[in-house]
Amino acid sequence: MPQVIHYSFRQNLNAAARRAFEWCTDYNPEDIAWIQEENATRKVQRIANDMIILFDTFPNKGKSVVKQKLVCLYPDRLTWTSTHLTGPNKYSQFLYEITPQTRKQCCLKFTAAHVYHGAMKGKQETEILAEELRKSDSEVWKRLARELEKQLREEEP
């Protein structure tokens with residue numbers, strides 16, 4: 001039976017909260033490049049103004065893995081969810097919450113309910129996996145934070 005691995009982290013963003021939310025949720029096919037997965041592609045299907053399905057395709061051992069993610073946006077609360085519909089993380093759900101810190105800084109809180117479909121041998125193995133996942137996802141968001149800063153600098157007059 002699958003097991004849910006819970007973990008979370010915070011990432012400071014050097015942007016106004018609303019601007020950070022807009023940037024983080026402005027899904028387009030080029031977004032996948034920032035995650036730095038070689039030869040990955042993304043297709044975006046907008047279901048409604050506040051609901052999107054992402055089709056992310058990654059090469060893996062000579063095959064293609066497609067991850068479908070349902071993204072629900074809550075712009076009035078500066079939050080969104082991403083639920084994996086297919087792929088190795090099927091049924092995993094991630095919550096993103098942006099909180100203003102100052103006029104030009106905010107904090108992203110990432111909360112994961114990662115569904116692990118393999119066998120776990122105990123609490124220690126679960127904790128090790130949670131830490132590995134937290135570290136990996138945190139590294140992605142560090143790269144995204146740098147990309148956001150870079151793009152905001154380029155937008156300045």
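Tabulated results
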| read-out | value |
| --- | --- |
| Selected residue (only one of Arg103, Arg19 is loosely packed, with under 13 Cβ neighbours inside 10 Å, under 23 Å from Glu156 (Cα atoms) and in contact (Cβ under 8 Å) with a residue 40 or more places away in the chain) | Arg103 |
| Conditions (1) out of contact with any Asp or Glu (no Cβ under 7 Å at 6 or more places or on another chain); (2) under 20 Å from Phe21 (Cα atoms): number failed by Cys72 | (1) |
| In segment 87-139, the residues that are charged (D, E, K, R) and touching a His at 6+ places or on another chain (Cβ under 6 Å) | Lys90 |
| In segment 74-100, residue surrounded by the most Cβ atoms within 10 Å (Cβ to Cβ) [restricted to those that are among the polar types (S, T, N, Q) and touching a strand residue (DSSP E or B) at 6+ places or on another chain (Cβ under 6 Å)] | Ser92 |
| Among the candidates Thr25, Thr41, Thr57, residue that is among the polar types (S, T, N, Q) and closer than 16 Å to Leu95 by Cβ | Thr25 |
| Checklist (1) surrounded by 14 or more Cβ atoms within 10 Å (Cβ to Cβ); (2) at pLDDT 95 or above; (3) within 21 Å of Arg146 (Cβ to Cβ); (4) within 17 Å of the chain's Cα centre (by Cα) applied to Lys135, failing item | (1) |
| Residue that is modelled with the highest pLDDT, among those in segment 39-69 that are touching a helix residue (DSSP H, G or I) at 6+ places or on another chain (Cβ under 8 Å) and of a type in the set (Val, Ile, Thr) | Val44 |
| Of all residues making up segment 28-38, the number that are in contact with a strand residue (DSSP E or B) (Cβ under 8 Å, 6 or more places away or on another chain), under 18 Å from Asn89 (Cβ atoms) and either modelled with pLDDT of 95 or more or not in a loop (DSSP other than H, G, I, E, B) (or both) | 2 |
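The values are calculated or read from the model by the stated rules, or taken from the named source; none is laboratory data. Because the structure is predicted, anything quoted here is derived from the model rather than measured. Cβ coordinates were reconstructed from backbone atoms using ideal geometry, including for glycine residues, and neighbour counts include every protein chain displayed.
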